[in-house]
Structures are given as structure tokens and as C-alpha cells.
Amino acid sequence: MDRLQSIKSLIIDLDGVLYRGDEAIEGAGEFIALLQREAVPFLLLTNNSTRTPGQYVAKLAQMGIAVEEGDILTSAQATALYLGRIAAPRARVYVIGEEGLWVALQEKGYTLADRGADFVVVGMDRQLTYEKLKMATLLIRGGAKFIGSNPDKTFPSEEGIIPGNGAILAALEAATGVAPLVVGKPEPAIFDLALARMGVDKEGAAVIGDRLDTDVLGGQRAGLITILVLSGAASRQELENSLVKPDLVFEGVRQLYEVWPRLCQRIPNE
């Protein structure tokens with residue numbers, strides 16, 4: 001409770017924390033509504049690059065969770081922002097990924113191209129084909145810079161734990177001998193973007209996630225309080241065997257929701 005009582009703002013993962021696939025996790029809607037009611041700053045930060053913020057708003061709404069586009073930051077958006085630091089305007093980019101990544105890059109003015117690309121940007125792609133892997137391999141071997149939106153090797157679904165973007169990155173690294181530059185969690189920069197979006201500093205900021213290797217490790221590297229929920233990718237056995245240890249552990253967001261009202265009573269409404 002001492003660590004909980006120091007929390008003033010929250011960075012919250014989506015997959016495995018608020019939902020699995022298209023099913024809300026128990027307590028997710030109530031917890032978000034509580035934070036909104038008590039004016040606790042929060043941001044939903046996801047390594048999943050497949051959807052746009054608007055699509056995430058719609059997905060959450062179907063589960064009874066009401067948020068706005070400004071409450072969401074995706075690894076696709078973070079990747080597009082990062083590319084702006086190293087790429088020329090309208091640079092040619094080859095993308096393995098889905099709509100969330102395409103839209104984020106196009107909104108920043110990049111040209112999506114199959115040939116002659118200066119950058120290969122890879123996010124989760126559920127329509128992945130050998131042809132896409134072949135094109136990316138040829139471009140990377142030809143000198144294109146290799147960027148990954150996130151390193152998650154797996155992610156939780158209604159069916160169980162299934163392959164994630166990290167598995168695609170691993171295939172390309174094996175084919176090219178080139179390791180990707182990863183933008184999303186656990187890289188500290190994406191947490192800094194999240195804090196800036198909320199307009200808060202690191203003091204009293206916490207991250208809630210279901211993965212030790214991205215959410216917890218990234219939160220620690222960014223200097224944040226870390227909360228692991230066991231409703232997604234990480235199991236209790238994995239936690240016991242890991243060198244990465246969160247500050248707090250809950251079975252799921254429902255348990256956190258149950259203790260949070262006592263904390264909201266001491267958070268000043270500034």
C-alpha cells in the first residue's frame with residue numbers, strides 16, 4: 001500500500017490488462033471509469049500497432065469502456081514520431097504491418113513503397129506472407145534501415161498465447177543478420193512520450209502491464225513504479241523465475257480496482 005499511495009498517474013497497457021482478444025477482463029471498465037471520475041491522469045499505451053487510436057476507441061466502446069483518442073498512444077504512432085527524427089520528409093518506407101501502422105506513417109507524410117525504400121518498418125501483421133518477408137529481406141540486405149514497432153514475441157488472445165511482432169522481427173533478423181531498432185516498450189522513449197502526452201512528470205507515475213519483458217522492464221528503465229497483472233502474458237511461475245521484478249503484483253485489474261478507492265481519497269483534485 002505504501003507504493004500504491006505514491007501513485008499520481010498511470011500508463012496502462014491494453015492487451016492482457018483491459019482485454020484479451022475481444023473480451024474485456026473483469027473489472028476493466030469499472031477501473032477506467034473510476035480513474036475518470038476521480039480525475040487521475042492516465043494513458044493507454046499499447047505495443048500493438050495494428051489499429052488506429054480511433055479503432056481502439058471503438059473496440060473498447062464495444063466492451064463498455066469509454067475513452068477518447070487522446071487517451072491512447074500506440075507503438076505505431078511512436079514509430080512514426082521516431083522516424084521523423086531520422087528520415088527525410090516523404091521518405092520511402094516499406095511496411096509489414098496493418099492499418100494502424102500504415103495510417104500513422106502516412107499521417108506523417110511518408111511514402112509507402114514496395115521498391116527502393118530507405119526504411120523497412122515492421123509491426124504485427126496477421127496477413128503476413130513469404131512474399132512480404134522476402135521483400136523486406138531484400139531491402140534490408142540492400143541497405144534499408146530496419147525498424148520494429150515493438151518486440152513482443154507473443155500476445156494473449158481468447159485462444160491462448162499466440163505469435164506477436166517479435167516473432168516476425170526474429171525471422172527477418174535470421175534472414176538478414178541485422179537486428180532491428182525497436183521503438184516500443186521496453187524502450188524508455190515511448191514512456192517519455194506517454195508522460196508528455198499526459199502532461200505529468202515521472203514522480204508518482206506508474207505503469208500497469210501484463211508482460212515482464214516489455215511493460216515492467218520498460219517501466220523500470222524509464223524510472224517508473226511498475227505493476228504487473230497476471231491476466232495476460234506473464235504467469236506466476238514466469239514471475240518467480242524472472243530477474244525482472246515489478247514493484248507490485250495483482251491477479252488482474254479487478255483486484256487493483258478494489259483497493260484503488262482508498263487511494264483516490266488522498267489524491268488532491270488539483
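The values are calculated or read from the model by the stated rules, or taken from the named source; none is laboratory data. Bear in mind that the values here come from a model prediction, so they are computed numbers and not experimental data. In this analysis, Cβ positions are derived from the backbone assuming ideal geometry, glycine residues included, and neighbour counts consider all displayed protein chains.
Kindly indicate which of Gln55, Gln62, Gln5, Gln36 is modelled with pLDDT under 95 and either more than 13 Å from the chain's Cα centre (by Cα) or crowded, with 17+ Cβ neighbours inside 10 Å (or both). First the steps, then the outcome.
Values: Gln55 fails: modelled with pLDDT under 95; Gln62 fails: modelled with pLDDT under 95; Gln36 fails: modelled with pLDDT under 95.
Just a single option satisfies the conditions, and that option is Gln5.
Between Ala175, Ala179, which is farther than 29 Å from Val229 by Cα, exposed (fewer than 15 other Cβ atoms within 10 Å of the Cβ) and either in contact with a helix residue (DSSP H, G or I) (Cβ under 8 Å, 6 or more places away or on another chain) or hydrophobic (A, V, I, L, M, F, W, C) (or both)? Break it down stepwise before answering.
Values: Ala175 fails: exposed (fewer than 15 other Cβ atoms within 10 Å of the Cβ).
On inspection, the qualifying residue turns out to be Ala179.
Of all residues in segment 94-118 being among the hydroxyl-bearing types (Ser, Thr, Tyr) and assigned to a strand (DSSP E or B), which is modelled with the highest pLDDT?
Start the filter on segment 94-118 by keeping residues that are among the hydroxyl-bearing types (Ser, Thr, Tyr), which leaves 94, 110-111.
Those still in the list that are assigned to a strand (DSSP E or B) too: 94, 111.
Working: Tyr94: 98, Thr111: 95.
Among those that are among the hydroxyl-bearing types (Ser, Thr, Tyr) and assigned to a strand (DSSP E or B), it is Tyr94.
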Within segment 84-94, is even one residue assigned by TED's automatic domain parsing to the domain that holds Gly143 and surrounded by 22 or more Cβ atoms within 10 Å (Cβ to Cβ)? yes
Could you please tell me which pairs satisfy a Cβ distance under 8 Å, a separation of 6+ or placement on different chains, a first residue in segment 53-77 that is within 17 Å of Gly21 (Cα to Cα), and a second residue that is of a type in the set (Lys, Arg)? Lys59/Arg51; Thr74/Arg51
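Return the only residue of Ile168, Ile227 being at pLDDT 95 or above, closer than 22 Å to Thr74 by Cα, outside the structural domain of Ser9 (by TED's automatic domain parsing) and not in a loop (DSSP other than H, G, I, E, B). Don't jump to the end; show me each part of the working.
Working: Ile227 fails: outside the structural domain of Ser9 (by TED's automatic domain parsing).
Testing whether each residue is at pLDDT 95 or above, closer than 22 Å to Thr74 by Cα, outside the structural domain of Ser9 (by TED's automatic domain parsing) and not in a loop (DSSP other than H, G, I, E, B) leaves just Ile168.
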Does at least one position in segment 253-268 carry a residue that is in contact with a strand residue (DSSP E or B) (Cβ under 8 Å, 6 or more places away or on another chain) and either loosely packed, with under 15 Cβ neighbours inside 10 Å or part of a loop (DSSP other than H, G, I, E, B) (or both)? no
Output for Cβ contacts, cut-off 6 Å, separation at least six or different chains, first residue assigned by TED's automatic domain parsing to the domain that holds Val216 and farther than 17 Å from Gly252 by Cα in segment 1-17, second modelled with pLDDT of 95 or more and in a loop (DSSP other than H, G, I, E, B), reads Ser9/Pro41; Ser9/Val200
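Being in the same structural domain as Ser235 (by TED's automatic domain parsing), over 22 Å from Pro186 (Cβ atoms) and of a type in the set (Gly, Ala, Ser): is that true of Ala39 here?
Working: in the same structural domain as Ser235 (by TED's automatic domain parsing): yes; over 22 Å from Pro186 (Cβ atoms): yes; of a type in the set (Gly, Ala, Ser): yes.
In short, yes.
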